[in-house]
Amino acid sequence: MTSATPPRARRRALTGALATLGLSVGMIMTINAPTASAATWPAPNGSQGTSATISVSGTKDYGMKRFYGTGGLAGDGQEEGQDPIFKLADGAVLKNVILGAPAADGVHCEGSCTLQNVWWEDVGEDAATFRGGNGATYQVIGGGAKKAADKVFQHNGGGTLTISDFAVQEFKTLYRSCGDCSTQYTRKVNLNTIDVTGTGSTARLVGINVNRNDVATLRGITIRNDSGRKVVPCQKYNNNTAVGSGPDSRNCLYSTSDVTYR
């Protein structure tokens, strides 16, 4: 963090090894080249605090500016019901932005949306929550997230989320289909070209509800620093009860060749 970001009220405990990984592993992306590789994370082009949620409609390009929460948005824990830094209207595109700490509840997509080259330096409650209806389509193209004490992407609505050319490290779950929302859906998630750094403890790329007929498709997954194979590519749940993991022909669509360990 630069001096423009206020000190956090509470820091999550991290091991020395994870702290060392902080800026050394991930993906490098420029505004004009959203491709994946293992390298350093982008530097912000200025920082700005906000105490109120920023509404986005149409396309908004922030040119790699960092935003962080202040006042009512200064939360960094897992308390439910936090407001987001950004709220995207149906069809909105948010691009080239960094979310610093504290990040509250990150980004909310109220319908279909695109997050392009968006980076979370320290995930708050969630990095992004997808809340559209059955026909919604969400795209996360490029970017990365780290220091997620729980989930990175939370899928509460319906529709299909596609995550491509994305880096994740120091996390528990990259994607979770809601297990206990008041309105439930059949949800789909596609992961394509994902660069993962293992945490040394159990983590999940996707968690889906097989009793809701969710479908996860995984392609081009690279997992680093995980000699113990503690990162679970696809965790299956009946709502919130774990019922197994691994590829199959119905819910977790991938093969061993789709996951590379380095």
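The values are calculated or read from the model by the stated rules, or taken from the named source; none is laboratory data. Fair warning: this is a prediction, and the values are worked out from it, not measured in the lab. Positions of Cβ are backbone-derived with ideal geometry, glycine not excepted, and every protein chain shown enters the neighbour counts. Note: accessible area is taken over every heavy atom of the protein model, side chains too, but ligands, DNA and RNA are not part of it. Shrake-Rupley method; radii C 1.70, N 1.55, O 1.52, S 1.80 Å.
Tabulated values for the structure
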| item | result |
| --- | --- |
| Restricting segment 81-127 to residues that are under 16 Å from Gly69 (Cβ atoms) and over 16 Å from the mean Cα position of the chain (by Cα), the residue that is most open to solvent (accessible area, probe 1.4 Å) | Asp83 |
| From the options Gly158, Gly143, residue that is at pLDDT 95 or above and under 12 Å from the mean Cα position of the chain (by Cα) | Gly143 |
| Unique match (being open to solvent by 10 Å² or more (accessible area, probe 1.4 Å) and without any contact (Cβ under 8 Å) to a residue 24 or more places away in the chain) among Gly244, Gly220, Gly228 | Gly244 |
| Unique residue being within 29 Å of Ser47 (Cβ to Cβ), open to solvent by 30 Å² or more (accessible area, probe 1.4 Å) and among the aliphatic types (A, V, I, L, M) when the list is Ala149, Ala167 | Ala149 |
| Selection count, segment 247-260, where residues are free of Cβ contacts under 8 Å to residues at least 24 places away in the same chain and within 12 Å of Val210 (Cβ to Cβ) | 1 |
| Residue selected from segment 183-201 under the condition open to solvent by 10 Å² or more (accessible area, probe 1.4 Å) and at pLDDT below 95, by the criterion nearest to Val152 (Cα to Cα) | Thr199 |
| Residue pairs meeting the criteria (Cβ under 8 Å; at least 6 apart or on separate chains; first small (Gly, Ala, Ser), in segment 201-216; second surrounded by 22 or more Cβ atoms within 10 Å (Cβ to Cβ) and outside any strand (DSSP E or B)) | Ala203/Phe171 |
| Strands (runs of 3 or more DSSP E) contained in segment 161-262 and holding at least 1 residues more than 19 Å from Tyr138 (Cβ to Cβ) | 187-197, 203-209, 215-224, 231-238, 241-245, 259-261 |
| Subset tally (residues that are without any contact (Cβ under 8 Å) to a residue 60 or more places away in the chain and within 18 Å of Lys60 (Cβ to Cβ)) for segment 105-128 | 14 |
| Residue count for segment 171-223, restricted to those that are farther than 20 Å from Val123 by Cα and hydroxyl-bearing (Ser, Thr, Tyr) | 7 |
